[in-house]
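S.K.: Dropping a structure here in structure tokens format, bear with me for questions.
The values are calculated or read from the model by the stated rules, or taken from the named source; none is laboratory data. Values in this document were obtained by computation on a predicted structure and should not be read as measured data. Neighbour counts run over all protein chains shown; Cβ positions are idealised from the backbone, glycine included. All accessible areas refer to the heavy atoms of the entire protein, side chains included, with ligands and DNA or RNA removed. Shrake-Rupley method; radii C 1.70, N 1.55, O 1.52, S 1.80 Å.
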Amino acid sequence: MTLTREQISIIRSDGDIKINAVAGSGKTTTVIEYAKTRPKNSKILYLAFNKTVRMEAVKKFADQGLDTVRVETAHSLAYKHIVFKHQYKLKSQGYKTHEIAELLGLKGTGEKHAEYIIANHINKFITYFCNSDKLKVQDLNYTDTITDPKAKTFVTKFYNYIESQTRLLLAKMDKGELEITHDFYLKKFQLSNPVLDYDYILFDEGQDASAAMLDVFFRQKAKKVIVGDTYQQIYGWRYAVNSLEKTNFKTYHLSTSFRFGQDIADLGKEVIGWKTMLGQNPDVIILGHGNTQKIKTKAVIARTNLGLLLKAIEYVTEKKNIKNIYFEGNINSYTYAEEGASLYDVLNLFNKKNDNIKDKLIATMTNMSDLEEYIEKTEDVQLGMMVEIVKEYGNKIYDIMNSIKEKHLDHDDKSKAEIIFSTVHRCKGMEYDSVELVNDFITEEKLEKLTSDVNVEGLSYERLSEEINLLYVAITRTKKTLYIPAPLMPDGFPESKNIFIQEIKEKHNKTSLSKNPSGKDKKQTSVPSKKYIVEDLRKNHQDAYKSWTHDLDDELREMYGVGMNIKDLARYFDRTQGSIKARIAKLGLEE
């Protein structure tokens, strides 16, 4: 195996270091080579990001004869130190909102469903505290995590009660009166100031570390190595912190990606460049040295569960020739909210079949308006997505989900899947020969609007930065080809033979059942999205990729304003329909 100069520099390094590694740059290979060159009989701990990565790392280290390297996740390490010692019982799925309300005997305050809204915030406050490096709940201000104005108003009003009940629930877990959560034993591990008897500790995915585990890591006497990618931080919603920015360790880089070619690398860099709109000055170098020839694995990647489900519905209803599909993670996790409410519970509420609702929280709702009000005051994104799906497809959901499950393969048969479906978070660390992105990511146009609109309330630049990271991570899952919706393409970016532009369906052509969620309306005809090969487009549309000037924009505004359709506009300007639509969106001309 030939190593790059960057890899050799890392392997020969000494002392505490951090490695900023771009997607597909062989960081695991580098870390293994680093471990191989340490003094014989060195005690080495490798901290993996999750269980899947841990199992893969165990095999890779063993294959290289490094059986003495101990591989753990932060939670598996904490579990062994805390749960066995204190004989705690674990509630592996965590507490649901209604369970917290019942356990603490929360009382209503006159506002509708107040006890459940408060319970929801207590749950989130516990997660916030347990992942922090703080010693006491009082050291944190939970309102700092809330962006929605209505939710912030509610929490501010009941803050003292929420905080005191948060402390009470933690105390009950600490005493063993209640089952503990995964977050709890990780926090208790940090607060116990553990001493880890190792000569070297290698911390992977450092850009998404919990502050609690990072505190444990920094306190150790071992030589420390942190590996990660600043631009792959996508777990801020779980209160993760970027350890690469929290330490002054000597910095090394892995800039060469062996996953994809330079065209994909350049697209990833261009997307990261959007951070200039957030006042950042990103400086990223990616050299694409991937050379995949055959397409064996194909994946559809979405930002959200909703976006992924809608795309999966499109596949099973329109592409009848596809027989085998696979969802990364458990397929049921896409139809259940984090707290356990299912898509079918929301559908029963919509249909006013309240007696059929299984989830206790949803069962307390009188109607959909109640649920939507609850969602607003808790910022429960997953439930909000389910409401949107129910409004869109109504009772068709039963047949659609049955069709999806019939085509779905078990994990052992994943390699036989014609299409793999995943959200960005579930496919982190994975790669596929061909990737199709769903049109539910942040766009350059939306960023420009948000950052220039002084009237936008609660705008979080940190969250916007992470949204950019999510698109970057999705793009860099591919090894060869990328199918990307036109709105996600950076303005003026030069395409290549491996990047395919997807036209977005017109809204009036979309299969729509929203007027009658019961499914009784006649189904509209759906027009399949087209995939264009860039070289063919250039032959047919000589001006397709010339820059738009102010004069051309004015001409487009005038002609679109008088009602000229997209097809005629494309013919007139000698561009693709996708280019016209993207420019119309860019200029804010859509109604």
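S.K.: Quick check: the distance between the Cα centres of the stretch 80-100 and the stretch 129-183, to the nearest angstrom?
M.R.: Between the Cα centre of the stretch 80-100 and that of the stretch 129-183, the gap is 17 Å.
S.K.: Any idea of Leu470's accessible area? Nearest 10 Å², probe 1.4 Å.
M.R.: Leu470 exposes around 0 Å² with every protein chain in place.
S.K.: Placing +1 at every Lys and Arg Cβ and -1 at every Asp and Glu Cβ, with all other atoms neutral, what dipole size does the chain have around its Cα centre, in debye to the nearest 20?
M.R.: Dipole size: approximately 1800 debye.
S.K.: Let me ask you something else. May I ask you to order 272-280, 391-399 by the average number of other C-beta atoms within 10 Å around their residues, highest value first?
M.R.: The packing order, highest mean first, is 391-399, 272-280.
S.K.: Heads up, I need the accessible area for Glu270: 1.4 angstrom probe, whole protein in place, Å², nearest 10.
M.R.: Counting only protein heavy atoms, Glu270 exposes about 80 Å² to solvent.
S.K.: Counting only protein chains, not ligands or nucleic acids, how are Lys497, Lys221, Lys91 ordered by accessible area (probe 1.4 Å), most first?
M.R.: Greatest to least solvent exposure: Lys221, Lys497, Lys91.
S.K.: Relative contact order for the chain: what percent, with Cα pairs under 8 Å and sequence separation of 6 or more?
M.R.: 15
S.K.: Then there is this: What FRET efficiency do you get for Thr317 and Gln64 if R0 is 51 Å and r is their Cβ-Cβ distance, rounded to the nearest 0.05? Spell out each step's value before the answer.
M.R.: On the way: r = 47 Å, r/R0 = 0.93.
The pair Thr317/Gln64 has a calculated efficiency of 0.60.
S.K.: Rounded to the nearest 10 Å², what accessible area does Met430 show when all protein chains are kept and the probe is 1.4 Å?
M.R.: Solvent-accessible area, nearest 10 Å²: 50 Å².
S.K.: Can you compute the helix-only [θ] at 222 nm over the chain? Use -39500 (n - 2.57) per DSSP H run of at least 4 residues, normalise by all residues, nearest 500 deg cm²/dmol.
M.R.: It comes out at -12500 deg cm²/dmol, rounded to the nearest 500.
S.K.: Right, here's the next one. Can you sort Asp197, Asp433, Asp491 by solvent-accessible area, 1.4 Å probe, largest first?
M.R.: Numbers: Asp197 110, Asp433 10, Asp491 85 Å².
Correct descending sequence by accessible area is Asp197, Asp491, Asp433.
S.K.: Please find the FRET efficiency linking Ser92 to Arg238, where r is the Cβ-Cβ separation and R0 is fixed at 22 Å, and quote it to the nearest 0.05.
M.R.: About 0.85, to the nearest 0.05.
S.K.: On to the next question. For Lys43, list the aspartates and glutamates whose Cα falls under 19 Å from its own Cα; do not include residues on the same chain fewer than 8 positions away.
M.R.: Lys43 reaches Asp14, Asp16, Glu33, Asp63, Asp67, Glu72, Asp197, Asp199, Asp204.
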